[in-house]
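For reference, the structure discussed in these notes is given below.
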Amino acid sequence: MRLESMQDVFVEQLRDVLSAEKQLTKALPKMAKAARSPRLKAAFDSHLRETEEHIDRLERVFGTVGKKPVSKHCAGMEGLVKEGEEAMEAEGEDALVDSVLIAAAQRVEHYEISAYGSLAEYARVLGLEEANGLLEETLAEEKAADAKLTEVNESEIEESALAVGMEGTGPGTSGTSRSGSSRSGSSGSGSSGSGSSGGGRSRGTTGKSSRSREERSGL
């Protein structure tokens, strides 16, 4: 790849992002199917529709520089999609599975936010006002999609995920601790009692010795 101008850089990045978006259109339906929460499913379905619009906008951006919308394989998105597929295979409580899916999806969103941010800046520097407007519109939607995933996670998934595996801890464990403390306290009382008994025997022995000396004096 030989770059001779900033426009070359811009076009190469466009080709990369176009590939990323096309890969994502294949991954999102699978993520929606794997999601357990209805709201998370809806979020993935909604973003699929947005992603299809993003592809349309990218094709229009290519037109602003007189280039055909030809993609170049995006290895970065390929890796993120692979991670997403691993998340889809996760088994466990619904909230835990959804939490993993959200993490994978937000990595994708952050990647796209970075990509579109760079593209919008390139367009601005090159004086491509129409392209800049289209890219800024997509950038805003990517940020909104990321915020939506955060909202779904915080409002209904995070708390449930944290609660998984917590049953049986707390009161039961504290009770055991208190029981242990009680046994320790009882043991301590016993020792104290023994000490008192020992003290009593010691005083009794001293008394006998005193009477013995008195008897000897009387003789």
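The values are calculated or read from the model by the stated rules, or taken from the named source; none is laboratory data. Keep in mind that this is a model prediction, so the values were computed, not measured. So basically every Cβ, Gly included, is an ideal-geometry build from the backbone, and we count neighbours across all protein chains shown. Surface areas here come from the heavy atoms of the whole protein model, side chains and all, with no ligands, DNA or RNA. Shrake-Rupley method; radii C 1.70, N 1.55, O 1.52, S 1.80 Å.
Numbers below:
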item	result
Inter-probe distance in nm under a simple model that places probes 7 Å from Cα toward Cβ, at Ser118 and Arg39	3.4 nm
Cross-link reach list, lysines versus Lys22, counting only Cα pairs under 29 Å and skipping chain neighbours closer than eight places	Lys30, Lys33, Lys41, Lys67, Lys68, Lys72, Lys82, Lys143, Lys148
Computed Kirkwood radius, in angstrom, where 1/r is averaged over Cα pairs of region 1-51	12.6 Å
Alpha carbon Rg of region 1-111, scaled by the compact-globule rule 2.2 N^0.38 Å	1.21
Heavy-atom surface of region 90-146, accessible at 1.4 Å and reported per residue (Å²)	46 Å²
Principal axis dimensions, region 34-177 - Cα atoms, whole angstrom, descending	74, 24, 24
